[in-house]
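Structure first, then comments.
The values are calculated or read from the model by the stated rules, or taken from the named source; none is laboratory data. For clarity, every value in this text was computed on a predicted model and none was experimentally measured. Cβ coordinates were reconstructed from backbone atoms using ideal geometry, including for glycine residues, and neighbour counts include every protein chain displayed.
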Amino acid sequence: MTRLLGFTAAMLALAISPAKAGPGSDPLNSVMWSEMREQFFGNTPFEFDDRIKVIVPSVLEDQTQVPMTVDARALSDVKKLVVFADLNPVVHVLTLRPINAEPYISFRMKVEQGTPVRAAALTNDGVWRVGGVYLDAAGGGCSAPALAREQEDWSISVGNTRGRLWRQLDGTTRVRMRIRHPMDTGLTLDNIPAFYIEKVHMRSTSGAILASLDMREPVSEDPTLTLLVHQPTTDTDLHVEGRDTGGNMYTSKIPALWNRSGFEARSSNP
């Protein structure tokens, strides 16, 4: 029996190893790839493309706050960018629609165990292009309770946003913001139901949507997001709108430093 268990574990390790993938097959050799392909792409054509960069740390210190950067700027005409983790209890992490922005996002996520993490970019030709890496993790991040709930007044600050804008040399605006929210997965032992921010819109001062973001349970508590948007130089603020699964609406304004002083977002929560 011991030998059988050892053989089974060895075969599973080989199945998820990123090495020795055959031509045209999953470069990460994930046992879940067929299901991931069907769930996210259906019958839409796809191809693996190393121009999509998924960057994660080689050593994890906290499985509830795993830094991740997805960069698909080497592709043109990206309509949608989807991030997912094959072996997470909730595999879909987020979806970015870079309406007037770059296909780039940096954020933090929870992982329950070591898993392939991927980004898929849908371009205007109707093809999904997929990149990814294997994330080596001890796990437990998705079932850990939110730290915010240890504070008696946590509900008062939900939705409060702090952020800052930087004008880049290429003309884009780098947006970095943090939204207070427990981002409960619904998987903890205390039976707290799933409660998370599900939608974020970033708008120019005139109200035009620059980027739209759908988030799911694996996004870390107090989401910290970095994006690159095409914001008019005449803008005085970036408007941020959010909605969570409890029906709460959040609105904030992040001042443009090149037009106004200050850096803290002004938030109003009804």
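Kindly indicate whether any position in the range 16-23 is modelled with pLDDT of 50 or more, surrounded by 14 or more Cβ atoms within 10 Å (Cβ to Cβ) and within 21 Å of VAL66 (Cβ to Cβ).
no
Look at THR185 and say whether it is surrounded by fewer than 21 Cβ atoms within 10 Å (Cβ to Cβ) and of a type in the set (S, T, N, Q).
No; evaluated as a whole, the condition is false for this residue.
Find the strands (runs of 3 or more DSSP E) located wholly in the range 33-104 whose residues include 2 or more that are not β-branched (Val, Ile, Thr), and list them.
So the answer is 46-48, 66-71, 78-85, 92-97.
When you scan the range 159-270 for strands (runs of 3 or more DSSP E) that lie fully inside it, which ones turn up with 1 or more residues that are at pLDDT 90 or above and not hydrophobic (A, V, I, L, M, F, W, C)?
161-167, 173-179, 197-203, 209-215, 224-229, 237-244, 249-255
As an exercise: evaluate THR205 against (1) within 22 Å of LEU187 (Cβ to Cβ); (2) more than 22 Å from the chain's Cα centre (by Cα); (3) not basic (Lys, Arg) and give the number of the one condition it does not meet.
(1)
Any chance you could count how many residues in the range 99-124 are among the acidic types (Asp, Glu) and modelled with pLDDT of 95 or more?
Counting residues in the range 99-124 that are among the acidic types (Asp, Glu) and modelled with pLDDT of 95 or more gives 1.
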